[in-house]
Amino acid sequence: MATIASHTAEPEVDAVRHHYEVGNEFYRLLLGPSMMYSGGYWQEGEGLTEALDIAQERKLDAFAELAEAAGKGRVLDIGCGWGTLMDRLTRKHGVREAVGLTLSRTQAEFIAGLDNPALTTRVQSWSEHSDPGAYDAAFCVNALEHFVPSSLSPKERTQRYRFFFRQVHEALVSDGRFVLHTMTAEAQPIGRKILADLKFLQRSEFAGMHIPHLHELTAAAEGLFEVVELVNEREAFARACRAWLVLLAERREEAVALESEEVVARFERYLDIFAYTLEDRFFNNFRLTLARKG
């Protein structure tokens with residue numbers, strides 16, 4: 001397993017590290033053994049926390065199938081987190097090499113500890129990564145939300161998303177698939193509470209983050225990718241947030257000892273915000289399966 005560092009001047013670096021460089025032991029406590037930071041696929045009757053890891057594995061296996069990744073030579077995971085998807089692709093689905101991009105140095109350290117020689121981790125922005133035609137499939141699981149600053153105008157945001165899709169398009173082989181999991185925002189009336197909560201997300205937890213509108217993504221991908229499927233999985237992500245809140249509450253004293261009361265309180269508030277805004281359909285969480293054109 002290799003870890004490769006590079007210099008990056010991307011504007012999201014500080015915001016990403018503010019959230020994702022909280023200690024790995026804290027995240028292990030929060031997320032459980034799966035170390036997967038997105039929605040899971042529970043079956044009817046399964047317990048919220050008891051089946052969390054199984055639900056995450058089901059999702060990863062579904063992603064592998066959608067990307068037609070089984071047995072492929074090389075895949076790319078953009079915003080790879082703690083390497084859970086890459087590890088499963090190489091250990092269970094026969095992928096020979098998985099390359100992960102992250103801006104979090106602590107995530108890269110965690111992946112190095114997985115002791116999997118099929119993994120390569122680059123501490124690098126997606127915008128800097130250039131390896132044309134090198135990947136049979138690509139993934140981006142709830143990371144796109146960090147890639148485009150909210151300070152940009154709508155036109156500039158669409159251009160930035162277009163650049164992102166061009167980068168993925170260039171990286172894939174001619175018949176490669178791209179599985180994208182991302183939150184999107186609905187245009188709805190905003191009350192006082194949700195306005196205050198959105199300001200907290202923007203200023204305190206995910207500075208400058210822009211959760212895209214679906215039309216921004218479809219416009220940016222036009223001509224580059226064909227949409228194979230589009231599924232809204234907001235309930236699955238909301239359920240994961242609720243599961244993480246339960247796990248955090250059960251070991252709250254330990255979490256505070258690992259980090260601080262301020263960090264734990266931040267996570268409690270942000271997870272509750274994401275859970276209720278998904279449940280109330282203010283936010284979506286779409287799974288897009290895209291096939292490369294051209």
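The values are calculated or read from the model by the stated rules, or taken from the named source; none is laboratory data. Because the structure is predicted, anything quoted here is derived from the model rather than measured. Here Cβ is always computed from backbone atoms with ideal geometry, including for glycine, and neighbour counts include all displayed protein chains. Only protein heavy atoms, including side chains, enter the accessible area calculation; ligands, DNA and RNA are left aside. Shrake-Rupley method; radii C 1.70, N 1.55, O 1.52, S 1.80 Å.
Values for this structure:
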{"read-out": "Charge dipole magnitude, Cβ of K and R +1, D and E -1 - the chain, Cα centre, debye nearest 20", "value": "620 debye"}
{"read-out": "Assigned charges on the beta-carbon of Lys, Arg, Asp, Glu; the range 150-257 dipole about Cα centre (debye)", "value": "480 debye"}
{"read-out": "Among 160-172, 95-107, the order from most to least packed when residues are scored by Cβ within 10 Å on average", "value": "95-107, 160-172"}
{"read-out": "Peptides 65-77, 16-28, 144-156 ordered by average Cβ neighbours within 10 Å, highest first", "value": "65-77, 16-28, 144-156"}
{"read-out": "For the chain, share of DSSP beta bridges that run antiparallel, in % to the nearest 5", "value": "45 percent"}
{"read-out": "Debye equation applied to the C-alpha atoms of the range 91-240, log10 I(q)/I(0) at 0.21 Å⁻¹", "value": "-1.58"}
{"read-out": "For Met209, distant residues with modelled amide H under 5 Å away", "value": "Ser150"}
{"read-out": "Table column - 3J(HN,Hα) (Hz), the range 170-179, Karplus curve with 6.51, -1.76, 1.60, x for Gly and Pro", "value": "5, 6, 8, 5, 4, 10, x, 10, 10, 9"}
{"read-out": "Largest to smallest principal axis extent of the C-alpha atoms in the range 43-170, angstrom", "value": "44, 34, 29"}
{"read-out": "Heavy-atom accessible surface of the chain: percent carbon and sulfur, 1.4 Å", "value": "51 percent"}
{"read-out": "P(r) weight above 26 Å for the chain, C-alpha pairs, percent", "value": "41 percent"}
{"read-out": "Rg over Rh [alpha-carbon atoms, Kirkwood Rh] for the range 140-192", "value": "1.06"}
{"read-out": "Cα gyration tensor shape for the range 108-150, rounded if a/c is under 1.5, else prolate or oblate", "value": "oblate"}
{"read-out": "Proximal lysines to Lys92, defined as alpha-carbon separation beneath 30 angstrom and excluding residues fewer than eight positions away on the same chain", "value": "Lys59, Lys72, Lys293"}
{"read-out": "Distance between modelled label sites at Asp61 and Leu195, nm, 7 Å Cα→Cβ extension", "value": "4.7 nm"}
{"read-out": "Spin-label zone in the range 263-293 - amide nitrogen under 15 Å from a point set 7 Å from the Cα of Arg252 along the C-beta vector", "value": "263-272"}
{"read-out": "222 nm mean residue ellipticity, helices alone, for the chain (DSSP H n ≥ 4; -39,500 (n - 2.57); rounded to 500)", "value": "-13000 deg cm²/dmol"}
